[in-house]
1. Rounded, prolate or oblate: which fits the stretch 195-247, taking a ≥ b ≥ c as square roots of the Cα gyration tensor eigenvalues, rounded meaning a/c under 1.5, else prolate when a/b beats b/c?
2. Using only alpha carbon pairs under 8 Å that are at least six residues apart, calculate the relative contact order of the chain and give it in whole percent.
3. As a quick test, which of the pairs K88/K301; K59/K301; K195/K275 have an alpha carbon distance above 25 angstrom in this structure?
4. Show that you can apply the helix-only estimate: for the chain, add -39,500 (n - 2.57) for every DSSP H stretch of four or more residues, divide by all residues, and state [θ] at 222 nm to the nearest 500.
5. Ranked from the most accessible area to the least, with a 1.4 Å probe and all protein chains present, what is the order of Y240, Y105?
6. Of the beta bridges DSSP finds with both residues in the chain, what % are antiparallel, to the nearest 5?
7. Would you calculate the separation in nanometres between label points at N167 and E292, each defined as 7 Å from the Cα along the Cα-to-beta-carbon direction?
8. Once the Cα atoms of helix 117-132 and of the chain are each reduced to a long axis, what angle between those two axes, in degrees from 0 to 90 to the nearest 10, is obtained?
Amino acid sequence: MNSISVFAPASVANVSCGFDILGFCLEGVGDHFLLEKADHKNIRFKAILGQELPMDPAKNVAGIAAQALLKEYPVDFGIDITLKKGIKPGSGIGSSSASAVGIVYALNKMLGLGLKKNELLPFAMAGESFASGSAHADNIAPALLGGFTLVRSVEPMDIVQLPSPSNLYAAVIHPQIEIKTSDARAVLSNTVDFKDSIQQSANLGALISGLYTEDYELIRRSLVDLLVEPKRAPLIPHFYEMKNAALEMGALGASISGAGPSLFALTQGKTNAEKAATAMANILKSTDIPFEIWVSPINTKGTITTDDHEIF
Ligand code: HSE
């Protein structure tokens, strides 16, 4: 293949009781890649559009993920990469993961390697680890595979794909303040209360059951995070006001998306997601914090090949 274009979506990690292990994939927001065979012998970024990011592949999430894959599957030609970032780094909706999975998915297709999506995850993980400073796969797995995913283990990589209830929607708000993942991890304790850990496991088990049975009321009761949200909420101005506003509009649950500052709310139906998004937005409208909002069904496709050459 001489060229390929790919879309890698945003994702929500840390789905309430599933810190570091449970994530889901969003629709309509993400990164676009165009890869083209070139006469030179290097892998290089021809352009990065939408965000200011290093063009040096050794200093860039997508470049590092690409190098990890090409170390195992070397090529004797050059590749020009154009990356159009649709996700702001540090937003909490898997910006680095989209870049990491998009490039390895595109390379797999372009080089005709025939690797399954699951087999691509370790290469994407190399990019993600560089970006966040720790190895967690709760964004790369849903961004690549789509739907809800559970990371049973990172080493060795063991990902469980979960069903997505057809009428489950997400409202996501991104308050445009900066929170570094490393800072959001620094506020966490190394120990947890035993009783809280039992309740957290019960919530996670019940949430997964609710996904299988499409039991929205069970999902509602289970979307509770006793361990991480209370520690990280103070990093996000107006967090509880936004969360409560979404819940008052009927959201099944709401919490911090990834390491923040974004929040997600899960709802039954699109109308409820729109109401939750508006309610969260109204909180920030009364402040000077700029924000973006998205309403999305659960994207079950994950990263895909597109015909979008013209968007570059
Ligand atoms: N699980 C990760 C964290 C997601 O919260 O630190 C952010 O990359």
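The values are calculated or read from the model by the stated rules, or taken from the named source; none is laboratory data. What you see is a predicted model, and the numbers here were worked out from it, not measured in a lab. Note that each Cβ is placed from the backbone with ideal geometry, even for glycine, and that neighbours are counted across all protein chains shown. SASA here: full protein model, heavy atoms, side chains in, ligands and nucleic acids out. Shrake-Rupley method; radii C 1.70, N 1.55, O 1.52, S 1.80 Å.
1. Verdict is oblate for the stretch 195-247.
2. Reported relative contact order: 25 percent.
3. K59/K301; K195/K275
4. Using -39500 (n - 2.57) per qualifying helix, the result is -11000 deg cm²/dmol.
5. Y240, Y105
6. 90 percent
7. Computed distance between label sites N167 and E292 equals 3.0 nm.
8. Helix 117-132 sits roughly 80 degrees off the main axis of the chain.
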